[in-house]
Structures are given as C-alpha cells and as structure tokens.
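Enquirer: Please find one structure pasted underneath; my questions will follow.
The values are calculated or read from the model by the stated rules, or taken from the named source; none is laboratory data. Bear in mind the structure is a predicted one, so any value in this text is a computation, not a measurement. Using ideal geometry, Cβ is built from the backbone for each residue, glycine included, and neighbour counts are taken over all protein chains shown. We work out accessible area using only protein heavy atoms, side chains counted, and drop any ligands, DNA or RNA first. Shrake-Rupley method; radii C 1.70, N 1.55, O 1.52, S 1.80 Å.
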Amino acid sequence: MCIAAAVALFAQTAAAEKVLKLGTVGRLGMPIGDAIDQALIPTLEKVSGGQMTVEPHYRGSLCGEQTCGEQANQSLLQLWTSSTANFGSFSTALSIFDLPYIFSSIENADRISSEWLAKKQCEIAAEEAGHICLTVYSSGGFRQLGNAIRPVRVPADMEGIKWRVTKSPIEYTLIKNWGAVPVPYDWTQLYQGLQTGVVSGQYVATPWQEIAKLYEVAKYYTEINGSWSGNQLSMDKRQYDALSDEEREWVHAAADAFGQRVRELDRQWVLDGEAAIKAEIEEWYVPSDDEIKLWRSGAIDAWVNAKGTFDPETAIRVLQEQGMDDFIAELKEAGAL
C-alpha cells in the first residue's frame, strides 16, 4: 500500500508539471539566451505556479534553426527559435520582416512588430506552417556594410567589389543592384576570405561582425540600415492546441516577457558592438537622407522579386506609419505594391 501510495503521488506530481523543451542556436551571454534565462523561464514558472516549465537547449545542441522547427512538428520538442528567414522553410508569413527598408530604425521595428505586425503575421503562420509564432524580435538590429577596400558612401562606391552574400535571394539582389559582385560564401570562413581577398565586403548585423572580429580586416563601414535581422519564438500548433486555455495564457505571458526583454538586450548589444567596431576602424559613415534614398532605390528589385510572399496592404501600412510615402510611391511605380 505504501508503494502504491508513493507511485500515485509521483504520478500526480509529474502530471502537475508540464515541461516545454526549447531548441535554439542562441546561448547565454547573448540576447536570445539571456532573455530565455531572465524572462521566459522565470515568467512561465511564476504565472503557472510551477505547473509549467521550460527546458532550454542552447547553442544548437539539440537542433539547428530549420531542424528545430521540424523536430517541433514531430513533437520531439515544443518551443523553438529561428530567424524569420529560416522560418520561410515552413511559411512565407514572416517574409515581410525580411524586406529591405521595411523599417527605418530599430525603434520603429520594435514598436510596429510588438504593437500589431507580429500578431497579424503570426496568425497567418499558424494556419500555413503548423507553428504558433509567439513573438518576433531582432537579433543584432540591422545589417550594415563593411569592406576592406575603400570608403563606401553611395551605392556607386561598391562598383566591382566582391561582396559576400548568404543564400538569400533578397540579399543577392541587393548587393548586385548596389553595384558590387555578389559572392556566396560561408560565414565560418568569412574572416579568412576578407583577409585573403577572396571577398572584400560583407553585409552582416553589427554585433555579429564584432563577435567575428571582422573589423580587423574590414576597415570601412556604412550604416545603411537596410535589412532587419528578424527572429521568432514559436510553438508547435498541435501541441499548443492540446493545452488548456489557462496553459495557453501562461505561455503567451512568458513569451511577451521574453519579447520585451530580448528587445532591451538586443538594443544594448547593437550599441556595444557598434562602439567596439568604431574604435578599431578607419571610417564609420552615416549617409545623408538623400544618400539613403539611393540605397533604398537599389532595394526595389528585391521587393519586386519577393512579390507574392507578403500582403501589399500590410506593407503599405507599415511604411505609412513611419512616414515613408516616397518609398511607397517608388515601390508602386515599380510594380512591387
């Protein structure tokens, strides 16, 4: 009887606590990992009274970004993070966040995303992808230009420079339209590539450039604020639907706390990375408003190529809220909207 009672008590305790396994390439010491540790985990434990907890697996130890989403679909884990670009393996619902110059500043990106855009796009993602997107945030702010050849102030200054790009069609189009020669090149080899001249430029978010010490071999930087480094936190829809209404409220409360904290940490991460780079390079150039218009004009083809992956009316609303009417007119004239 004693053994039976103990087993019954253990079963009740186990049933009372739900563990949500989370896979991420983020780590402690960086905004995503620290926000999981400082906000997501403690908030979920607090609002649930200890009935629901998060078990984080950092540094890609459980899966990569795309494979984390696949494992969530297989119920091998519940929560996962990825870039909005890699979410594209499941749905184009978050592709709008990757459009160049959809946001004019980190502040506008954070405000619009948290106020309404993330909710709107995540509802679409839930139907298309089988994942409940809980929050959208950045990992490193905007991608900025750095190169080892010469100062770059307007797109024409990039003419002929071999510029490293990822596999993203948007990035390839951007670099090509700005006049450089796009060269697909692995991130892990980028420092050596810049050092040897295989490539001479890169388009990477500032903190990541600082972590990789690219400023040691690329001495000229241009702050164009083109592509926002969107990321997302999701939960597999079937597992989400299996939760009670109260449990879903707990998950959303924790995700909201995570979103707020990761945005705070990310802004500081960007500022710190920027300061570290500026102390080591020859030039950090901030284009004038007229020069920024030239950079935006070079991004229009990327919008045209992405047509069909985003709702034009939603994009117009985002741009209008930032007073970017001139850019809207250019995009409409080009047939992108």
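Enquirer: Treating only the Cβ of Lys, Arg, Asp and Glu as charged (+1, +1, -1, -1), what charge dipole size does the chain show about its Cα centre? Round to the nearest 20 debye.
Expert: Numbers: 29 positive and 46 negative charges, 148 e Å.
Using Cβ point charges on Lys, Arg, Asp and Glu, the chain gives about 720 debye.
Enquirer: In a shell of Cβ-Cβ distance under 12 Å around Val286, excluding Val286 itself, what net charge do Lys and Arg (+1) and Asp and Glu (-1) give? Spell out each step's value before the answer.
Expert: Values: positive: Arg153, Lys278; negative: Glu223, Glu274, Glu283, Asp289, Glu291.
After counting each charged neighbour, the total is -3.
Enquirer: Follow-up. Which FRET efficiency, nearest 0.05, do Val181 and Leu28 yield, Cβ-Cβ r, R0 25 Å? Please report the intermediate quantities before stating the final value.
Expert: Working: r = 39 Å, r/R0 = 1.54.
Efficiency, rounded to the nearest 0.05: 0.05.
Enquirer: Please give the per residue accessible area of the chain, computed with a probe of 1.4 Å over protein heavy atoms only, in Å².
Expert: Details: 14890 Å² over 337 residues.
Value for the chain: 44 Å² per residue.
Enquirer: If you restrict to DSSP beta bridges whose two residues both lie in the chain, what percentage is antiparallel, to the nearest 5? Before the final figure, lay out each step's value.
Expert: Values: 21 of 37 bridges.
Here the antiparallel bridges make up roughly 55 percent for the chain.
Enquirer: If R0 is 22 Å, what FRET efficiency do you get for Glu291 and Arg150 from their C-beta distance, rounded to 0.05? Could you put the intermediate results ahead of the total?
Expert: Details: r = 16 Å, r/R0 = 0.73.
About 0.85, to the nearest 0.05.
Enquirer: Between Ser75, Ser244, Ser138, which gets the highest mean-square fluctuation from a Gaussian network model of the chain, Cα cutoff 10 Å?
Expert: It is Ser244.
Enquirer: For n ≥ 4 DSSP H runs only, could you compute -39500 (n - 2.57) per run for the chain, divide by its residues and tell me the 222 nm figure to the nearest 500? Mind showing how you got there, number by number?
Expert: Working: 15 runs with 149 residues, N = 337.
-13000 deg cm²/dmol, from helical runs alone.
Enquirer: Between Glu127 and Glu115, what is the label-to-label distance in nm when each label sits 7 Å out along the Cα-to-Cβ direction?
Expert: Spacing of the two 7 Å Cα→Cβ label points: 2.5 nm.
Enquirer: Among Ile281, Asn231, Ala255, pick out the residue whose Cα is farthest towards the positive end of the charge dipole of region 160-282, where Lys and Arg carry +1 and Asp and Glu carry -1 on C-beta, about the Cα centre.
Expert: Projecting each Cα onto the dipole axis, the largest value belongs to Ile281.
Enquirer: Could you work out the relative contact order of the chain? I mean the mean sequence separation of Cα pairs under 8 Å and 6+ apart, divided by the number of residues, in percent.
Expert: Working: 609 pairs, mean separation 77.2, N = 337.
Value for the chain: 23 percent.
Enquirer: In whole Hz and in residue order, list the ³J(HN,Hα) couplings for region 163-168 that follow from phi through the Karplus curve 6.51 cos²θ - 1.76 cosθ + 1.60, θ = phi - 60°; x for Gly and Pro.
Expert: 10, 5, 10, 8, 7, 5
Enquirer: How big is the dipole moment of region 30-155 about its Cα centre under a simple scheme where the beta carbon of each Lys and Arg is +1, that of each Asp and Glu is -1, and everything else is neutral? Debye, nearest 20, please.
Expert: Values: 8 positive and 13 negative charges, 105 e Å.
For region 30-155, the charge dipole is close to 500 debye.
Enquirer: Could you list the residues of region 52-94 with an amide nitrogen less than 19 Å from a label point located 7 Å from the Cα of Glu249 in the Cα-to-C-beta direction?
Expert: So the set is 52-53.
Enquirer: So, counting K/R as plus one and D/E as minus one, what does the shell of residues with Cβ under 14 Å around Ser83 add up to?
Expert: Working: positive: Arg143, Lys167; negative: Glu65, Asp98, Glu171, Asp266.
Around Ser83, the charge tally is -2.
Enquirer: Now a separate question. Using 0.36 nm per residue of separation minus the Cα-Cα distance, give me the extension gain between Ser61 and Gln195 in nm, one decimal.
Expert: Details: separation 134, 0.36 × 134 = 48.24 nm, distance 3.02 nm.
Here the answer is 45.2 nm.
Enquirer: Can you list residues whose amide H is under 5 Å from Met52's amide H, if they're 5+ apart or on another chain and H is modeled 1.01 Å from N?
Expert: Those lying under 5 Å, H to H, from Met52 are Lys18.
Enquirer: Just need the relative contact order of region 202-337 here, percent rounded to a whole number, with Cα pairs under 8 Å and 6+ apart.
Expert: Values: 75 pairs, mean separation 47.8, N = 136.
Computed over region 202-337, the figure is 35 percent.
Enquirer: Once the piece of chain linking Gln74 and Arg267 is laid out straight, how much longer is it, given 0.36 nm per residue of separation minus the C-alpha distance between them? Don't skip to the end; give the middle numbers.
Expert: Values: separation 193, 0.36 × 193 = 69.48 nm, distance 3.43 nm.
Between Gln74 and Arg267, full extension yields an extra 66.0 nm.
Enquirer: Keeping the other protein chains in place, figure out the carbon and sulfur percent of the accessible area of the chain, with a 1.4 Å probe.
Expert: Working: 7530 of 14890 Å².
Accessible surface attributable to carbon and sulfur in the chain totals 51 percent.
Enquirer: Same structure, new question: Give me the net charge for the shell around Asp110: Cβ to Cβ below 10 angstrom, other residues only, Lys and Arg +1, Asp and Glu -1. Spell out each step's value before the answer.
Expert: Values: positive: Arg111, Arg263, Arg267; negative: Glu107, Glu115, Glu264, Asp266.
Summing Lys/Arg as +1 and Asp/Glu as -1 gives -1.
Enquirer: Mind ranking 222-235, 35-48 by how tightly packed they are, going by the mean number of other C-beta atoms within 10 angstrom, highest first?
Expert: Working: 222-235: 25.1, 35-48: 19.7.
Answer by packing, highest mean first, reads 222-235, 35-48.
Enquirer: Tell me, in nm to one decimal, what length is gained between Val304 and Asp325 on full extension, where the rule is 0.36 nm per residue of separation less the Cα-Cα distance? Display every interim value, and only then the final one.
Expert: Values: separation 21, 0.36 × 21 = 7.56 nm, distance 1.75 nm.
Difference between extended and current length: 5.8 nm.
Enquirer: Report ³J(HN,Hα) in whole Hz for each residue of region 314-325, in order, from the Karplus equation J = 6.51 cos²θ - 1.76 cosθ + 1.60 where θ = phi - 60°; Gly and Pro get x.
Expert: 3J(HN,Hα) across region 314-325, in whole Hz: 5, 4, 4, 4, 4, 5, 4, 5, 10, x, 9, 5.
Enquirer: Match the structure shown to one of the listed values (i) 21.6, 83; (ii) 21.4, 76; (iii) 19.1, 60 of Rg and Dmax of the Cα atoms in Å, computed from it, and give that label.
Expert: The value matching this structure is (i).
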